[in-house]
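Trainee: My structure is below; once you've seen it, I'll send some questions.
Quick note: the coordinates plus some simple rules give every number you see, no bench work behind them. Small disclaimer: the values here were computed from a predicted structure and weren't measured. Virtual Cβ from ideal backbone geometry, glycine too; neighbours counted across all protein chains shown.
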Amino acid sequence: MSGSLAIIGLGPGEARYLTPSALAALEAASDLIGYGPYLDRVPARADQTKHASDNRVEVERARHALMLAAQGKAVAVVSGGDPGVFAMAAAVFEALEAGEADWRRLSITVEPGITAMLAAAAKAGAPLGGDFCAISLSDNLKPWEVVTARLSAALAADFVICLYNPISKARPWQLGKALELAATIRAAETPVIFARAVGRPDESLRILTLAEAIAAAQTADMATLVMIGASATRLIARDGQNPIVYTPRSVTKSPCATSQGRT
Ligand code: SAH
């Protein structure tokens with residue numbers, strides 16, 4: 001089959017965060033597919049066709065991309081951040097697995113991008129210097145009980161926890177619940193980062209305590225990445241500047257001994 005499919009990470013925002021390899025893959029495409037706001041970030045040439053879609057129809061969008069590639073097009077599917085992190089790459093492979101046998105002969109590549117948690121961590125200092133994990137708070141694709149079970153396990157294991165999809169108009173309460181759950185295991189003064197629109201002109205970084213974060217949960221939105229520190233995560237205060245947030249690389253105590261919960 002002559003068609004190809006590149007699944008491309010655009011990074012968190014501005015074009016300077018796009019890798020040269022991802023840029024080359026975008027330039028090689030005849031057809032660009034993605035959620036409207038992500039596609040808007042790609043300056044397409046007159047000879048490239050953009051197919052914008054709604055955010056909720058990922059597998060349908062993936063099938064569309066595979067069908068176009070099977071017709072011989074050079075298709076690029078774009079995602080914000082990294083396409084493999086809560087994004088289109090898994091949707092494409094889900095569609096490939098369930099789809100036409102012929103599609104498996106296509107050339108399919110994944111171009112990595114800077115994911116939100118890495119962009120946010122770099123702005124804050126080095127909060128991911130120790131062990132960490134990422135959890136999507138969206139319960140569109142999994143039951144909320146799975147989210148809380150994973151969150152509880154990660155809190156007990158003393159990971160730094162990055163929360164993607166923390167809140168939306170349709171899901172207004174999940175972040176508050178997640179932070180309240182954290183406060184049953186982590187100390188009230190644990191650093192929590194609200195990193196919003198990192199790498200974009202309206203970027204903001206708020207460094208709060210866990211107690212403050214619970215009170216501020218409703219001020220987060222869909223463009224926010226929330227990071228809950230581990231027990232060793234700490235601040236280096238600086239006059240007139242944001243403190244630096246970092247997690248030391250070395251751990252000397254077991255998670256059970258280091259948790260400083262209220263209960
Ligand atoms: N593939 C994307 C994540 C998609 S899930 C990536 O790798 O970054 C969407 C969630 O990612 C948002 O709800 C938010 O939590 C986070 N996110 C994406 N871009 C962001 C940015 N520029 N700043 C902060 N968080 C962002």
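Trainee: Among the residues of the stretch 188-213, which ones are aliphatic (A, V, I, L, M) and assigned to a strand (DSSP E or B)?
Mentor: Of the stretch 188-213, the ones aliphatic (A, V, I, L, M) are 188, 192-193, 195, 197-198, 205, 207-208, 210-211, 213.
Selection gives Val192, Ile193, Ala195, Leu205, Ile207, Leu208.
Trainee: Please state which of the following conditions Ile236 fails to meet, knowing it meets all the rest: (1) without any contact (Cβ under 8 Å) to a residue 60 or more places away in the chain; (2) more than 15 Å from Ala156 (Cβ to Cβ); (3) hydrophobic (A, V, I, L, M, F, W, C).
Mentor: (1)
Trainee: Residue under question is Ile193, and the condition is that it be within 12 Å of the ligand (Cβ to nearest atom), among the hydrophobic types (A, V, I, L, M, F, W, C) and closer than 22 Å to Gly9 by Cα; does it hold?
Mentor: no
Trainee: Has the stretch 222-239 got at least one residue that is of a type in the set (S, T, N, Q), away from the ligand (no atom under 16 Å from the Cβ) and closer than 28 Å to Leu141 by Cβ?
Mentor: Among the residues of the stretch 222-239, not one is of a type in the set (S, T, N, Q), away from the ligand (no atom under 16 Å from the Cβ) and closer than 28 Å to Leu141 by Cβ, which makes the answer no.
Trainee: State all residues of the stretch 103-128 that are more than 30 Å from Pro248 (Cβ to Cβ) and touching a residue at least 12 places away in the same chain (Cβ under 8 Å); if no residue qualifies, say none.
Mentor: Trp103, Arg105, Leu106, Ser107, Ile108, Thr109, Val110, Glu111 - these are the residues of the stretch 103-128 that are more than 30 Å from Pro248 (Cβ to Cβ) and touching a residue at least 12 places away in the same chain (Cβ under 8 Å).
Trainee: For the stretch 178-187, give me the residue count where each residue is surrounded by 15 or more Cβ atoms within 10 Å (Cβ to Cβ) and either within 16 Å of the ligand (Cβ to nearest atom) or not in a helix (DSSP H, G or I) (or both).
Mentor: Total satisfying the criteria: 5.
Trainee: Restricting the stretch 128-174 to residues that are within 11 Å of the ligand (Cβ to nearest atom), in a strand (DSSP E or B) and not polar (S, T, N, Q), which is nearest to the chain's Cα centre (by Cα)?
Mentor: Tyr164
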